[in-house]
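Here the structure comes first, spelled out in structure tokens, and everything after it is commentary.
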Amino acid sequence: MKNKVHRIAEKFASHISEWEGVEAVLLGEAADIETFDPYFTIDLDVYTHGPIPGAEERRDLFSDIDGFESSPIAPVDIFRVEDLPVSVHFMEASMVDALVHRIINSSWVFHETGTNMFYRIEKGEVLYSRGGWLAAVRASRAEIPEEFWAHVCLRSFFIAERALDDLGGAAFRSDDLVFQLSAARLLRSVMSFLFALNKQFEPSSRMLTQRFKELPVIPDGFIGRLDSFLRPGDGLSIEARREIAGQMVRDLVLLGREAFGQERFSRKVEAR
């Protein structure tokens, strides 16, 4: 089956690489999952200089496909080939270059984008690469300053604290909807913190459960607390879950101080 997956991926990479301005085509790690898994997809990242063909033209270029859809809000095509899901993501290489420049020069803005873009570049399997653009972007990882990782941790902690406040309010009012929305925001921020603490880019949401457990540094007892928070048993109350969330956020304080120093990482973190 893996031969089939790579055959399909390489076929599309071959077609796409003929377009003018294509710098690289990468295959994402979701293609390594078993094909019967709902998280599986043949996930292609295409990096270009200049415009790409329009949606209708792309649909005509991709022969033998079913259910072609192009996102109205992002340059992403999804369809099926030989009953397997395919997604093709298009990204301007100049945008990547600009973000890399901001990271190296400590002018990266946290809310601009997460770090998953760089994870995909770092981990993706190269199906096509023209010139030295991809190699240069990958090599730039060695130039990332300590300040970048500290900044991601600080911002992630700030968001987690705000989400924890909202959890407390929702617990007091027994507002399950706001509690769940706040919990999602808190967990997303906690994960961002842990990957940045370990100086690693973030995987996609579907790969978080596996990848965060592989991090070299996570708080003692964190996995157990997270499991209790996600799957409360024995009638665990909403207030008890809030207390667990509070402990997870306090864990970040200790790790942040150990990694980046007491002065730079305190509870009085201001939004940037």
### Query
Quick one: if you take sqrt(5λ) for each eigenvalue of the C-alpha gyration tensor of segment 97-239, what semi-axes come out, biggest first, whole angstrom?
34, 17, 13
### Task
Please name whichever of Gly169, Ile144, Ala184 sits farthest to the positive end of the charge dipole of segment 106-235, dipole taken about the Cα centre and charges placed at Cβ: Lys and Arg +1, Asp and Glu -1.
Ile144
### Message
For a quick check: with amide H placed at 1.01 Å from N, whose amide H comes under 5 Å from Glu202's, ignoring anything fewer than 5 positions away on the same chain?
### Response
Thr115, Asn116, Tyr119
### Task
Take every Cα pair under 8 Å in the chain that's 6+ residues apart, average their separations, divide by the length, and report that relative contact order as a whole percent.
16
## Note on the structure
Simple spin-label estimate for Asp83/Arg250, 7 Å along Cα→Cβ, in nm, reads 5.3
### Query
Considering the zone a paramagnetic label at Ile238 would reach in this model (a point 7 Å from Cα along the Cα-to-Cβ line), which residues of segment 169-192 have amide N under 19 Å from it?
169-187
#### Entry: Dipole moment magnitude, nearest 20 debye, the chain about Cα centre, only Lys, Arg, Asp, Glu C-beta charged
900
### Message
Of the listed values (1) 175; (2) 136; (3) 154, identify the label whose number matches volume of the Cα convex hull per residue in Å³ calculated from this model.
### Response
(3)
### Ala184-Glu214 FRET efficiency (beta carbon distance; Förster radius 35 Å; 0.05 resolution)
0.95
### Query
Which residue fluctuates the most in the chain, going by a Gaussian network model with Cα springs under 10 Å, if the choices are Phe118, Phe193, Phe229?
Phe229
### Task
Please give the calculated 222 nm ellipticity per residue for the chain, where each DSSP H segment of at least 4 residues contributes -39500 (n - 2.57) and the sum is spread over every residue; nearest 500 deg cm²/dmol?
-16000 deg cm²/dmol
#### Entry: Within segment 61-81: backbone nitrogen closer than 13 Å to the His15 label point (7 Å, Cα to C-beta)
61-69, 77-81
### Query
Tell me, in nm to one decimal, what length is gained between Ser129 and Ser174 on full extension, where the rule is 0.36 nm per residue of separation less the Cα-Cα distance?
10.8 nm
### Task
Compare the peptides 70-77, 155-162 by average per-residue count of other Cβ atoms within 10 angstrom and give them in order, highest first.
155-162, 70-77
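Where a number appears in this text, it was derived from the coordinates with a stated rule and is not lab data. Computed from a predicted model, the values in this text were never measured in an experiment. Neighbour counts run over all protein chains shown; Cβ positions are idealised from the backbone, glycine included.
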